[in-house]
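The values are calculated or read from the model by the stated rules, or taken from the named source; none is laboratory data. Worth saying up front: this structure is predicted, and the values here are computed from it rather than measured. For neighbour counting, all protein chains shown are included, and Cβ atoms are generated from backbone atoms with ideal geometry for every residue, glycine included. Surface areas here come from the heavy atoms of the whole protein model, side chains and all, with no ligands, DNA or RNA. Shrake-Rupley method; radii C 1.70, N 1.55, O 1.52, S 1.80 Å.
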Amino acid sequence: MNFDNYKIIPNYNTNKTDLFTADEEDILACEKTLNVVFDEDYKEYVQEYGSGILGGTYVRVYLPETIILTLQEWKNRITEYWFWDEGKEVLTKDEVLNSIRIGDTFDGDEIILFNSQYYILPRYSEMIYKAGNSLEETITWLCSAGILTEAFSEREFEPFDPSELPA
């Protein structure tokens, strides 16, 4: 993953730039638990940056532990509040329920991984979007496509202690 234009900025509350990253063991444990293989971009991102908000408080990528701890509650919510029928040609409800939520946006859009491809479940739309084959492609799509938010090029990363973030 190309981190050349990423800039770590101080946390808004603590004014610190301490990073809360995952290590290879965390990633492998998550892959084994969920029977998934993450792409190299995801692995690099959570090892290099970890828990935080990218792009001026827009994209949040979950650490492996957060993915595991929130997965069942997320699947229960998706089952109960499913409304993406316009996107059924992209992914069916069953496919979404067999995916893994790996992040979200400030607006409440959810980033999911299914069959080694990334998709977006928008909060304010019944469509489902294919965003990329890698995390880098997905971040670029989220920040540049201009579909879910106005396109922007800024890639500041504000770290957050994952224990302080709402699930």
## Note on the structure
Checked region 53-88 for anything out of contact with any helix residue (DSSP H, G or I) (no Cβ under 9 Å at 6 or more places or on another chain), within 20 Å of ASP23 (Cβ to Cβ) and not charged (D, E, K, R); matches are LEU69, THR70
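Which is assigned to a loop (DSSP other than H, G, I, E, B) and crowded, with 16+ Cβ neighbours inside 10 Å, of VAL46, VAL36?
On the way: VAL46 fails: assigned to a loop (DSSP other than H, G, I, E, B).
On inspection, the qualifying residue turns out to be VAL36.
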#### Entry: region 20-33, subset open to solvent by less than 70 Å² (accessible area, probe 1.4 Å) and of a type in the set (A, V, I, L, M), residue nearest to TYR6 (Cα to Cα)
ALA22
